[in-house]
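Written below as structure tokens is the structure these notes are about.
No value in this document is a laboratory result; all are computed from the given coordinates. All values derive from a computational prediction rather than experimental measurement. Neighbour counts run over all protein chains shown; Cβ positions are idealised from the backbone, glycine included.
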Amino acid sequence: MDSIIARGLSFNACHGVLEGEKTTPQLFQVDLELFLDLQAAGQQDDLNLTVDYEQVYKLVQNVVEGPSCSLIEALAEKIAQALLKRFPLLAVEVIVYKPEAPVEGEFQYFAVKIRRKA
């Protein structure tokens, strides 16, 4: 299956279980894989036959910077459902990274990865 991949979409937002996470913005990063048939777009070189990257970015930005979620699992689900509703996708994979998670210890990030079908 064909796909469009977007990596490292970065936003500052307020998501988390702790009270301070709901009021103090922190970094969230999102990776996407959008599954759709790209043959016609490739053959005809026509943007109307694929997905506009800027529209994808803005949609994800609106979700991430929108109302707060307690869990990144819920944030990933909101992103997936919004993408499936807005674009002609067969499926979507969403990874939400939380590099500043309030966990004592050394780590690069905590993340959630989900895949949803249309």
Checklist entry - Given the Cα-Cα distance of Ala74 and Gln39 and 0.36 nm per residue of separation, how much length would full extension add, in nm? => result 9.3 nm
Item to check | Proxy reagent accessibility, fewest Cβ within 10 Å first, across Leu89, Leu18 | outcome: Leu18, Leu89
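What value, in deg cm²/dmol to 500, does the helix sum -39500 (n - 2.57) over DSSP H runs of n ≥ 4 give at 222 nm once divided by the residues of the chain? Write out the running numbers ahead of the final one.
Numbers: 4 runs with 38 residues, N = 118.
The helix-only estimate for the chain comes to -9500 deg cm²/dmol at 222 nm.
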Next on the checklist: With θ taken as phi - 60° and the coefficients 6.51, -1.76 and 1.60, list the Karplus ³J(HN,Hα) couplings across the range 17-26 in order, rounded to whole Hz; mark glycine and proline as x.
Outcome noted: 7, 6, 4, x, 5, 7, 10, 10, x, 9
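By how many nm would the segment from Lys113 to Asp52 lengthen if fully extended, with 0.36 nm per residue of separation less the alpha-carbon distance?
Details: separation 61, 0.36 × 61 = 21.96 nm, distance 2.28 nm.
Extra length available between Lys113 and Asp52 comes to 19.7 nm.
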Checklist entry - Taking the Cα-to-Cβ direction at Cys14 and at Leu59 and moving 7 Å from each Cα, how far apart do the two end points lie in nm? => result 2.7
Item to check | Relative exposure of Ser3, Ser10, judged by other C-beta atoms within 10 Å (fewest first) | outcome: Ser10, Ser3
Item to check | Within straight-line cross-link reach of Lys85, aspartates and glutamates at Cα separation under 17 Å, skipping those fewer than 8 residues along the same chain | outcome: Glu33, Asp37, Asp52, Glu54, Glu77, Glu93
Checklist entry - Based on Cβ point charges of +1 for Lys and Arg and -1 for Asp and Glu, what charge dipole magnitude is obtained for the chain about its Cα centre, in debye rounded to the nearest 20? => result 340
Item to check | Cβ-based exposure ranking for Glu19, Glu104, in which fewest neighbours within 10 Å come first | outcome: Glu104, Glu19
Checklist entry - In percent, what relative contact order does the chain have, based on Cα pairs under 8 Å that are 6 or more apart in sequence? => result 27
Checklist entry - lysines near Lys98 by alpha-carbon distance under 21 Å, same-chain residues fewer than 8 away left out - which ones? => result Lys22, Lys58, Lys78, Lys113
Checklist entry - Gap in Å between the Cα centre of the range 1-52 and the Cα centre of the range 75-104? => result 7
